[in-house]
Amino acid sequence: MAKTQTQREGQTPLFKDVPAFPSFAAKDLNAEKAFFADTLGIDVDDQNGMLFLNLADGNKTLIYPKADHTPASFTILNFPVNDIEKAVDELNARGVKLERFNVPGLTPDEKLIYRGQGPPIGWFKDPAGNIFSVIEGRGPSA
């Protein structure tokens, strides 16, 4: 395997072993907490005026307040599931509706599950309008 520039120059890698975590913004953290905890069933911690989603395998995602928040126009977090049909039915039962997008190469079915290139996928939004996906499969391999 080729060495990185840092390795070639004899420097210590700065962030190689740092447990980085993703984050995103929202206007109303109370609405976000209710959505992720009560609707999606994710363990949520309040810390210093921010929220942490405690996801599987010890992963955490930070939600921070931003008064002038503009929703992300891209998928910010993916939730891999074994059975997307079952997951979408459960989301719908909990009041979460999937979104319709114009995605070249993908065609939605009546449940708005997109099929075509890649695994079946559907998108939904949080109360702040950020985009999330439910995707069939295991997600990236370690």
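Does Leu53 meet the test of being without any contact (Cβ under 8 Å) to a residue 40 or more places away in the chain, under 12 Å from the mean Cα position of the chain (by Cα), within 14 Å of Pro22 (Cα to Cα) and not in a loop (DSSP other than H, G, I, E, B)?
In short, yes.
Please pick out the residue among Val44, Val88, Val81 that is among the hydrophobic types (A, V, I, L, M, F, W, C), within 23 Å of Ala25 (Cα to Cα), out of contact with any His (no Cβ under 8 Å at 6 or more places or on another chain) and surrounded by 11 or more Cβ atoms within 10 Å (Cβ to Cβ).
Only one candidate passes the filter, namely Val44.
Working only within the stretch 115-142, note down all residues that are touching a Phe, Trp or Tyr at 6+ places or on another chain (Cβ under 8 Å), closer than 16 Å to Asp83 by Cβ and assigned to a strand (DSSP E or B).
Ile121, Gly122, Ser133, Val134, Ile135
Could you tell me whether the stretch 93-113 includes any residue that is assigned to a helix (DSSP H, G or I) and surrounded by fewer than 18 Cβ atoms within 10 Å (Cβ to Cβ)?
Within the stretch 93-113, one or more residues are assigned to a helix (DSSP H, G or I) and surrounded by fewer than 18 Cβ atoms within 10 Å (Cβ to Cβ).
No lab work stands behind these numbers, since they all come straight from the coordinates. These figures come from a predicted structure and were not determined experimentally. Cβ coordinates were reconstructed from backbone atoms using ideal geometry, including for glycine residues, and neighbour counts include every protein chain displayed.
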